[in-house]
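Any read-out appearing in this document is the output of simple, stated calculations on the displayed coordinates, not a laboratory observation. Small disclaimer: the values here were computed from a predicted structure and weren't measured. Because the Cβ atoms are built from the backbone with ideal geometry, glycine has one as well, and the counts that use them run over all protein chains shown.
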Amino acid sequence: MENCIFCKIIKGEIPSVKVYEDEDMLIIKDVNPQAKIHLLLLPKEHYADITEMSDAQAQTLARCLKKLSTMVDALGLNDGFRLVSNKGAHACQSVGHLHIHILGGNQLGDRMC
Ligand code: DGP
């Protein structure tokens, strides 16, 4: 989608530190980390948030989360991690492209806003 910063990152128009990519998702380092490890899982298809996804997008997201669960060691998350997705400005969503925060590495991101 035009003017979506995460779509631009997915298309490679804006640089990012990529830690994993496949046909459905990109995992990047958050530019403003709130935990020792702070990653963002971005579905490649654009939709604003969890309330806007279609059944097909929900299935893709579930597949991405399942795949994430197989990468815990590789991502350094063996001590535990949190998954957070903010929906709406009042919940501190600042980028209108669904993203899942992955927070780990001892300090688990209590401060999300
Ligand atoms: P949220 O506030 O839940 O919408 O989270 C948006 C996150 O996206 C926030 O933690 C900062 C991160 N972010 C914003 N712009 C960029 C960017 O250009 N690159 C990267 N890597 N992260 C970004």
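Brief remarks on what is shown
- Among residues of region 58-101, those that are in contact with a Pro (Cβ under 8 Å, 6 or more places away or on another chain) and either loosely packed, with under 12 Cβ neighbours inside 10 Å or of a type in the set (S, T, Y) (or both), counted: 1
- Any hit, region 51-70, residues being out of contact with any strand residue (DSSP E or B) (no Cβ under 6 Å at 6 or more places or on another chain), closer than 20 Å to L103 by Cβ and touching a residue at least 60 places away in the same chain (Cβ under 8 Å): no
- Some residue of region 59-66 being more than 14 Å from the chain's Cα centre (by Cα) and either among the aliphatic types (A, V, I, L, M) or more than 17 Å from S16 (Cα to Cα) (or both): yes
- Complete set of residues in region 1-36 that are within 13 Å of the ligand (Cβ to nearest atom) and among the aliphatic types (A, V, I, L, M): I5, I9, I10, I14, V17, V19, L26, I27, I28, V31, A35
- Residue in region 9-22 that is assigned to a loop (DSSP other than H, G, I, E, B), out of contact with any Pro (no Cβ under 7 Å at 6 or more places or on another chain) and surrounded by 13 or more Cβ atoms within 10 Å (Cβ to Cβ) present: yes
- Residue check for L39: surrounded by 16 or more Cβ atoms within 10 Å (Cβ to Cβ), within 10 Å of the ligand (Cβ to nearest atom) and of a type outside the set (D, E, K, R): yes
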